[in-house]
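I have placed the structure first, in the form of structure tokens, so that the comments after it can refer back to it.
The values are calculated or read from the model by the stated rules, or taken from the named source; none is laboratory data. Note that this is a predicted model, so its numbers are computed, not measured. Reconstructed Cβ throughout: ideal geometry from the backbone, glycine too, with neighbour counts over all protein chains shown.
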Amino acid sequence: MKKRAILDQRAMAALVPVLLLAAALAAHTRQPEPQARLCGVFSCTEAGIVRGRLDRKEMALVFTGGDFADGGPHIRQALKSHRVKASFFFTGDFYRSPETRDLIRGLKADGHYLGPHSDKHLLYCDWNDRSKTLVTREQFRSDILANYRAMQDFGLSLKEAPFFIPPYEWYNRDIARWAKELGLVLFNFTPGTISNADYTTPSMQEYRGSETIYDSIIDDERSDPHGFNGFILLIHIGTAPERTDKLYARLDDLLDYLTARGYKLVRVDELLGPSR
């Protein structure tokens, strides 16, 4: 009995990180973004850019990746077919994985923007109290610089790729300040759609099917007074196998819709660059 109790304790200890991650992901889906404020010609939240200029019919598609890359080939082909440039932000682990090397090289060869998404996909601040920073300045610097070291294998440096979208798309003013000290430009997706829920799986309470997510994108574009001018739309490059309903499978339809509406889809550095 004593041996079994010890095994049960070990099993519970191993399960705790999984439960914490599940709770974080669930909170991430529910968290509303605060009202954005103007910072120059852009819109900002917590000192991070969340939208480009409203007076130009330009927008950016952003793809993030950490654990999964199953959508990579389909996304690359759809972008190529529509002659669209997008932006991709990957963790250090993603850049180091042998399984993703050919995909990353192909994306770079196609002319897409490649940037960092933190080395180990850290949670920077508390879900319920955003002002509570969960990492130190040194931990942040060490992690993001490790991400860039992984990018060096693909000829990518901080100077060439300063734009940075935070892990979980969740950050605060501390993170924005530390990023700026390193010469990074921290940005996030534009709130309004639920495209960031495309990673959810059917077992999650916050699960959203791709049809529902796609409809939210179309509805927001039509209802926003500025349409998608300056909009940053986030889609994950891959999701867990349990999610068989992949949003990236609708990318051709989405690109057809956006180009028909007259939007020019550009890279993040073009949408948010200093010349803007």
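Looking only at residues in the stretch 113-127 that are out of contact with any strand residue (DSSP E or B) (no Cβ under 6 Å at 6 or more places or on another chain) and touching a residue at least 24 places away in the same chain (Cβ under 8 Å), the one that is farthest from residue 158 (Cα to Cα) is 127.
Residue 249: closer than 23 Å to residue 129 by Cα and either at pLDDT 95 or above or assigned to a helix (DSSP H, G or I) (or both), yes or no? Considered against the rule, which asks whether it is closer than 23 Å to residue 129 by Cα and either at pLDDT 95 or above or assigned to a helix (DSSP H, G or I) (or both), residue 249 comes out as no. Of the residues 270, 242, the single one that is of a type in the set (Asp, Glu), surrounded by fewer than 20 Cβ atoms within 10 Å (Cβ to Cβ) and under 19 Å from the mean Cα position of the chain (by Cα) is 270. Select from the stretch 74-133 the residues that are assigned to a helix (DSSP H, G or I) and of a type in the set (Asp, Glu) and write down the one among them that is nearest to the chain's Cα centre (by Cα). Filtering the stretch 74-133 for residues that are assigned to a helix (DSSP H, G or I) and of a type in the set (Asp, Glu), the one nearest to the chain's Cα centre (by Cα) comes out as 93. Of everything in the stretch 198-218 that is among the β-branched types (Val, Ile, Thr) and within 24 Å of residue 170 (Cβ to Cβ), the residue that is surrounded by the fewest Cβ atoms within 10 Å (Cβ to Cβ) is 212.
Report yes if some residue within the stretch 219-238 is surrounded by 15 or more Cβ atoms within 10 Å (Cβ to Cβ), part of a helix (DSSP H, G or I) and either on the phi < 0 side of the Ramachandran plot or in contact with a Cys (Cβ under 7 Å, 6 or more places away or on another chain) (or both); otherwise report no. For the stretch 219-238, residues surrounded by 15 or more Cβ atoms within 10 Å (Cβ to Cβ), part of a helix (DSSP H, G or I) and either on the phi < 0 side of the Ramachandran plot or in contact with a Cys (Cβ under 7 Å, 6 or more places away or on another chain) (or both): present.
Residues in the stretch 128-166 that are of a type in the set (Asp, Glu) and either in contact with a Leu (Cβ under 6 Å, 6 or more places away or on another chain) or under 24 Å from residue 50 (Cβ atoms) (or both): 129, 143, 160.
Sort out which residues of the stretch 139-176 are at positive phi and in a loop (DSSP other than H, G, I, E, B), and write them in order of number.
155
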